[in-house]
Amino acid sequence: MFGLGAAELFFIFLIVFFLFGAKNLPEIARSMGKAIRSFRKGVHEIEEDIQLISHDTDKSKKDSEISIIHKEKHA
C-alpha cells in the first residue's frame, strides 16, 4: 500500500493516536472514508464525461464523413 511497510504504517498510526487520542480516531477514520468515497465518485463522474464527449466526437466525425460521401455521390 503506497510502498509503506507494516512498521511505517504502525508508526503513522501511533503518531495519529497520540495526536488525536483514542476517542477521536473513529471519527477521523469515518471522515477519511467519506472523503475518499467523494473523491472516487468525482473521478468516476469525470471519466464518464470524458467517455461521453469522446463518443459524441466520434459520432459527429462519422456523421460528417457520411455527409461528405453523400454529397460526392450526388455531385
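Bear in mind that the values in this text are calculations on the coordinates, not laboratory data. Predicted model, so just to flag it, every value in this text is computed and none were measured. Cβ atoms come from the backbone with ideal geometry, glycine included; neighbour counts cover every protein chain shown.
The residues neighbouring R37, those whose beta-carbon lies less than 15 Å from its own, together hold a net charge of +3 under the Lys/Arg +1, Asp/Glu -1 convention. Counting Lys and Arg as +1 and Asp and Glu as -1 over every other residue whose Cβ lies under 14 Å from the Cβ of D49, the net charge comes to -3. The simple Förster model, with R0 at 25 Å and r as the Cβ-Cβ distance, assigns R37 and F13 a FRET efficiency of 0.75.
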